[in-house]
Amino acid sequence: SYLKDHLVPNLIGRDAGRIEDIWQFFYRGAYWRRGPVTMTAIAAVDVALWDILGKLAGLPLYQLLGGRSREGALVYGHANGRDIEETSAEVEKYIAQGYRAVRAQSGVPGLKKPYGVSAVKDGYEPAESALPAETVWSTTKYLATVPKLFERLRADHGAEIELLHDVHHRLSPIEAARLARELEPYRLFWLEDATPAENQDAFKLIRSHSVTPLAVGEVFNSIW
């Protein structure tokens with residue numbers, strides 16, 4: 001609705017080549033800014049305008065932005081299972097496909113539906129219903145399971161595969177610090193969204209207790 005009712009009417013009659021000007025107008029022209037709906041809609045227009053520019057120039061967009069600097073990029077697959085054994089088997093499937101990095105999520109004993117565990121194995125967190133699923137959570141059970149998961153994955157798959165894990169903002173800073181420290185022997189590529197991202201000081205506390213790399217930022221919706 002934001003895209004259709006607000007942005008599109010403001011695009012009509014404008015020069016599609018004034019990409020920066022249009023972005024600034026959409027971003028600064030609205031009193032309420034920076035929400036995920038607003039920023040996603042603006043991003044959709046911005047990407048489309050850059051695509052139009054690339055077509056007008058007859059060049060791939062990356063060439064207009066300075067050219068490529070790499071021949072490839074590391075990507076990771078999403079392995080998940082009902083328990084540690086099934087998760088390890090799913091990790092092996094991704095390794096067999098040639099992946100050098102795998103994100104691993106496992107069911108937690110006593111919890112019906114932990115985040116990241118899905119019956120669909122070839123997609124990332126598919127929408128399973130029209131409404132958000134309400135689940136029961138236990139930090140105690142989760143913290144007891146995750147180190148066991150990565151101990152098993154290292155034993156099964158060795159030290160070379162890069163392993164990742166997503167906490168999905170479910171821990172307090174000190175709980176996240178404890179988990180990060182307990183995972184150090186298993187050399188994670190990163191521990192993602194260990195605590196709610198809006199409190200940046202929380203990550204300083206985690207870092208003061210552990211050297212496990214941290215990933216954060218996908219819930220941010222502007223460069224600020």
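The values are calculated or read from the model by the stated rules, or taken from the named source; none is laboratory data. Because the structure is predicted, anything quoted here is derived from the model rather than measured. Please note: Cβ atoms are built from the backbone with ideal geometry, for glycine as well, and neighbour counts cover all protein chains shown. When the accessible area is computed, the model is the full protein with side chains, heavy atoms only, and any ligands, DNA or RNA have been set aside. Shrake-Rupley method; radii C 1.70, N 1.55, O 1.52, S 1.80 Å.
Identify, please: which residue in the stretch 13-26 is part of a helix (DSSP H, G or I) and without any contact (Cβ under 8 Å) to a residue 24 or more places away in the chain and is, among those, least open to solvent (accessible area, probe 1.4 Å)? Don't jump to the end; show me each part of the working.
Within the stretch 13-26, the subset part of a helix (DSSP H, G or I) is 19-26.
In the following step, the residues that additionally are without any contact (Cβ under 8 Å) to a residue 24 or more places away in the chain were identified as 20-21, 23-26.
Details: Glu20: 118, Asp21: 65, Trp23: 53, Gln24: 55, Phe25: 82, Phe26: 6 Å².
Restricting to residues being part of a helix (DSSP H, G or I) and without any contact (Cβ under 8 Å) to a residue 24 or more places away in the chain, the top hit is Phe26.
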Report, by residue number, each residue of the stretch 34-59 that is out of contact with any Ser or Thr (no Cβ under 6 Å at 6 or more places or on another chain), open to solvent by 70 Å² or more (accessible area, probe 1.4 Å) and in a loop (DSSP other than H, G, I, E, B).
Leu59
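Per-residue answers, yes or no, for (1) under 22 Å from the mean Cα position of the chain (by Cα); (2) open to solvent by less than 20 Å² (accessible area, probe 1.4 Å); (3) modelled with pLDDT under 75:
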{"site": "Asp122", "(1), (2), (3)": "yes, no, yes"}
{"site": "Glu134", "(1), (2), (3)": "yes, no, no"}
{"site": "Val146", "(1), (2), (3)": "yes, yes, no"}
{"site": "Leu149", "(1), (2), (3)": "yes, yes, no"}
What are the pairs, 6+ residues apart or on separate chains, where a residue within the stretch 85-97 that is open to solvent by 40 Å² or more (accessible area, probe 1.4 Å) has its Cβ under 9 Å from a residue that is in a helix (DSSP H, G or I)?
Glu85/Arg152; Ala89/Asp156; Glu92/Asp156; Glu92/His157; Ile95/His157
Can you go through Tyr31, Tyr2 and tell me which one is touching a helix residue (DSSP H, G or I) at 6+ places or on another chain (Cβ under 8 Å) and either buried (at least 16 other Cβ atoms within 10 Å of the Cβ) or of a type in the set (Ser, Thr, Tyr) (or both)?
Tyr2
Please find, within the stretch 173-200, the residue that is surrounded by the most Cβ atoms within 10 Å (Cβ to Cβ) out of those that are assigned to a loop (DSSP other than H, G, I, E, B) and among the charged types (D, E, K, R).
Asp193
Do any residues in the stretch 143-172 that are closer than 16 Å to Ala215 by Cβ and in a helix (DSSP H, G or I) have Cβ atoms under 9 Å from those of residues that are open to solvent by less than 30 Å² (accessible area, probe 1.4 Å) and among the aliphatic types (A, V, I, L, M), where the two are at least six apart or on different chains, and which pairs are they?
Val146/Val108; Val146/Val167; Val146/Leu179; Val146/Leu183; Phe150/Ala104; Phe150/Leu163; Phe150/Leu183; Phe150/Leu188
